[in-house]
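Just below is one structure, and these are the notes that go with it.
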Amino acid sequence: MGMTPRRYRRRLPVLPYVLLSPVVLVTLVIIFYPMLQAIWMSVHDYIIWKPQDIRFNAFAHFVTAFSDEVFWISLWHTAIWISLTVSLQLALGFAAAILLNQDFPWRALARGLIIIPWALPSVVIGLMWSWVYDPNYGVLNDFMLRFGLLTQSMPWLANPDTALYAIILTLTWQGFPFFAVMILAGLQAIPSSYYEAAELDGASRRQQFWHITLPSLKGVLVTAVLLRIIWVANSIDVIYVMTSGGPGYATHTLPLYAFLRTYTAMDFGYGSALAVLFTLMLLGVVVLYLRRAGRDVT
Amino acid sequence: MMVGRRSRLNRFLTIELSMLAIIAFGLGPYLWMVLTSIKPEELLFRLPIDYWPEQVTLEHYVRLLSKANFLENMGQSLVVAVGTVCVGLSLSVTAAYSFSRFRFPGRRFLMLKFLVINMFPVVLLIIPLFVVMRKLGLLDTYFALIIAHSTFSIPFATWMMTSYINTIPVSLDEAAMTDGCTRLGAMWRVVLPLCLPGVVATGIYIFITSWNEYLYAAILAGQNVRTITVGIQTLIGEFEIEWGLLTAGGTLGALPATILFIVIQRHLIEGMVAGAVKR
């Protein structure tokens, strides 16, 4: 009797693998196979309407990319795009979370309203903000003219100097509720006894923030920032809807360039190579995130 | 008395006013879209802008619904989203149960695999998926879009379901099995009913992401199968943008997802942040 369970345990269990096999098979077919296909295409000349001209070209696309001016422009924009968007989202989300953690009568309502940007389709977000930025009848120009912040209407999305920043503001708007919600949950998980003890020791509000709140939130903040970097880096739909990367190359980020290069020029080889390069660059952040998440998997 | 009043005023000035400012920023563009959609055409293009329309009209909505297969697009979005939910949930439930209840070689590797998938750039998948679907003659079908949306719904659902099942005590499975249930019986009859709220929240979130998705819907389909997001985008005219029509489309197209999101937010967010906060 006593031997049976132990012997059962020592045998390699079959059931967990059986339960996992459907999902593993499906992901192999719909995710890993396409990914291999992308890597394969990235080392071939592959223009989709010239199937007879598909041939291996080793790393020609990658060499081309490094001497491609648009590649470097897009890479630079990607850096601005990620760093500005994520830090603005974090700052606004942090402020919102701290406010939502205070005691005021309509707190529950505020918490419900603040996540609305999160729920909207990116197409609708893009259109909505294009209307806000409209050079003739846009509400932003009207506002700024009324308050004397501008003397003349500004075509925010058509001006190469402002287009990228206008879209960064849009994406900040879309993403800050995520930070607010994550940080709020983190704040609520801090035991109030910490603050009570600090109060007794005569710590000021500011000291409590630096010595209790921030250290306790560290885990949440790092996880949320890593997740958002990956998410913001990948998101091309809002840019695509608002400017399609224009005017000129003013709002090209690297994944958007890969996308546009693939579908406007039908150059699947070069487009894949750009996508592979972008993925390799993102991999560093993904590994950092996995290290953290990996500790949870026990 | 004085103190109470002063601190209430203080609270209003510091906390509530700043909160109002953030909410104004958060809701402003959305409300502006809704307001634009009910303004008569002639008021839309007049300066200075009337922020509060003295006249309200539904003309844009009437035109939208009479034209442009708008309702048909919504129906097609519904098919894709429901299909994606079914695929995502059905495949992930047994996987999540396995991750939650068994310890076996390769478990950690497989779990991290699902996490990595979720972070693959869309652009790395959309390019080859187009080529594969084109070869198989599946472009512009429901099947293509459901498969494409499953690339993000399956890993998401697997992770969420694992964390929900983790909250159900293992002793319940064991009790069910001593009462004569098989492993799968215990999963199906005991564990799943208990985490039904989690299953529903996960399903609804998948529905929302699929409903809102644009790039795959535009590239892998768009003619026979045109989801609502692609439908809204095609409302943009060649020469001029009809903002009345477009904002009406945006308002209506975003409505199902917005309502669902507000309904499940509490539950969903608990599940999502659980892992992050525990650290």
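Selection of the range A:277-291 for residues being more than 7 Å from chain B (Cβ to nearest Cβ) and in contact (Cβ under 8 Å) with a residue 24 or more places away in the chain yields A:LEU277, A:MET281, A:VAL285, A:LEU288, A:TYR289.
Here the condition is being over 30 Å from A:LEU184 (Cβ atoms) and either more than 9 Å from every other protein chain (Cβ to nearest Cβ) or of a type outside the set (Lys, Arg) (or both); of A:PRO22, A:PRO105, it holds for A:PRO22 alone. In the range B:144-156, the residues that are farther than 17 Å from B:TYR214 by Cβ form Cβ pairs under 8 Å with partners that are in a helix (DSSP H, G or I) and among the aromatic types (Phe, Trp, Tyr), at six or more places apart or across chains, as follows: B:ILE154/B:PHE114; B:PRO155/B:PHE114; B:PHE156/B:TYR205.
Table: residues versus (1) away from chain B (no Cβ under 12 Å); (2) under 21 Å from the mean Cα position of the chain (by Cα); (3) in contact (Cβ under 8 Å) with a residue 24 or more places away in the chain.
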| residue | (1), (2), (3) |
| --- | --- |
| A:LEU127 | no, yes, yes |
| A:SER130 | no, yes, yes |
| A:PHE143 | no, no, no |
| A:ARG146 | no, no, no |
| A:THR151 | yes, no, no |
| A:MET154 | yes, no, no |
| A:PRO160 | yes, no, yes |
| A:ALA163 | yes, yes, yes |
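Scanning the range A:248-259 for any residue that is at pLDDT 85 or above, over 30 Å from A:ALA58 (Cβ atoms) and of a type outside the set (Val, Ile, Thr) turns up at least one such residue.
As for the range A:49-60, it holds at least one residue that is modelled with pLDDT under 85 and within 24 Å of A:TYR240 (Cβ to Cβ).
When the range A:120-141 is filtered for residues that are surrounded by fewer than 19 Cβ atoms within 10 Å (Cβ to Cβ) and among the aliphatic types (A, V, I, L, M), only A:VAL139 remains. For residues in the range A:239-266 being surrounded by fewer than 19 Cβ atoms within 10 Å (Cβ to Cβ) and of a type outside the set (Phe, Trp, Tyr), which is farthest from B:GLY231 (Cα to Cα)? Top of the filtered list is A:GLY248.
Being under 30 Å from A:THR172 (Cα atoms), of a type in the set (A, V, I, L, M, F, W, C), over 21 Å from the mean Cα position of the chain (by Cα) and modelled with pLDDT of 90 or more is the requirement here; does B:LEU13 meet it? No; evaluated as a whole, the condition is false for this residue.
Identify the residue in the range B:182-215 that is modelled with pLDDT under 90 and assigned to a loop (DSSP other than H, G, I, E, B) and, among all such residues, is farthest from A:LEU120 (Cα to Cα). Checking each candidate, the answer is B:THR182.
The values are calculated or read from the model by the stated rules, or taken from the named source; none is laboratory data. All values reported here derive from a predicted model rather than from experimental measurement. In this analysis, Cβ positions are derived from the backbone assuming ideal geometry, glycine residues included, and neighbour counts consider all displayed protein chains.
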